[in-house]
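Below: one structure, written as structure tokens.
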Amino acid sequence: MFHRCLEWKGPPAGGPAVLLLHGLTSCAETWAFVAPALARGARVLALDLRGHGDTDKPGHGYDFPTIRADIEGVMDRLDVGTATLAGHSWGASIAAMVAGQLPDRVDRLALVDGGFIGPARPAPMSEEELERMLAPAHIYASAGTYLDEVRRHFPGAWTAQIEAIALASIYRNDDGTVREKLDRGHQKLILQGMFGQARETEYAAIRCPALMIAAESSDPAAAERMAAKRTRVDRTQQVVPQVAVRWVPDTVHDIQLHRPAVLLEELTAFVSAPAGAIQ
């Protein structure tokens, strides 16, 4: 199976490697503001995960074990023995599961506003429940309506570069409508696996230094959501043996697009620090 991977060459062979994993329905371009500068000190790769971006889109294999095997295969193909895994959102969950199950392949783990342990939902979920978790169909009426929806999540921070990254994750149909590159049915398969997965055992097996980087909102309307997130972060901190937490204030879920300089500073320090100095 073909996996598309973007690569930014770092220092000469022998330096650290960083593998970046995007969130659900996104693609490797989401790391475009962070990866080039991060590559000054490391070999940096960003992967289009199964079904996403320009990677192959088979009708099966959207469960955690298969995607974990995909990542191991890509690392083998690209001659990456061990790497720092940094994942955003759903990609953070993938990164954490890989770190727990393949400890010899992951030397550091960064979870960017995702991968935090929360309550497992009963599985399988109904078609109605899954449909409610997906973006509403009306936003795909055109590229304009799609961008209007994405722009809504970047108050005061929208740029042409962010727009180009958003467009990289969709196809334009002949009739003027658009669709995600990740098929809607495949999104549901991923959600079934994600919310039906018990994470504590795998997370407790993580042996590498880990860093959680969480977006924090001061909006009173987000108070309930932030309280639930803090509970998940605290639970993850209790389970993962060597983990530090950084909160990024007044930012949105896509920290790598909204506050790339802050995220770059955190990731650079994390990748370059001696293992014993990470805290």
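The values are calculated or read from the model by the stated rules, or taken from the named source; none is laboratory data. Because the structure is a prediction, the values reported are computed rather than measured. As a convention, Cβ positions derive from the backbone with ideal geometry for all residues, glycine included, and neighbour counts pool all protein chains shown. What goes into the accessible areas is simple: the full protein's heavy atoms, side chains included, and nothing from ligands, DNA or RNA. Shrake-Rupley method; radii C 1.70, N 1.55, O 1.52, S 1.80 Å.
A few remarks follow.
- Probe 1.4 Å - accessible area at D104, Å² to nearest ten: 130
- The distance between label points at A157 and T201 comes to 3.8 nm (points 7 Å beyond Cα on the Cα→Cβ vector).
- Within-13-Å neighbourhood charge of P12 [Cβ basis; K, R +1; D, E -1]: +3
- Under the Karplus curve 6.51 cos²θ - 1.76 cosθ + 1.60, θ = phi - 60°, whole-Hz ³J(HN,Hα) for region 224-238, x wherever Gly or Pro sits: 5, 5, 5, 5, 5, 5, 4, 5, 5, 5, 4, 5, 5, 5, 6
- R225 paired with D174, simple spin-label distance in nm, labels 7 Å along Cα-to-beta-carbon: 3.9
- Mean sequence separation of contacting Cα pairs (under 8 Å, at least six apart), scaled by the length of the chain, corresponds to a relative contact order of 21 percent.
- Here the chain is treated with +1 on each Lys and Arg Cβ and -1 on each Asp and Glu Cβ, and its dipole about the Cα centre works out to around 480 debye.
- The H on the amide N of M212, modeled in the peptide plane, is under 5 Å from the matching H of L111, A244, V245, R246, each at least 5 residues off or on a different chain.
- Accessible carbon and sulfur surface of the chain relative to its total accessible area, %, 1.4 Å: 53
- T145/D76 FRET efficiency (R0 35 Å; Cβ-Cβ; nearest 0.05): 0.25
- Extension gain (nm, one decimal) between A244 and S217, 0.36 nm per residue minus Cα-Cα: 7.8 nm
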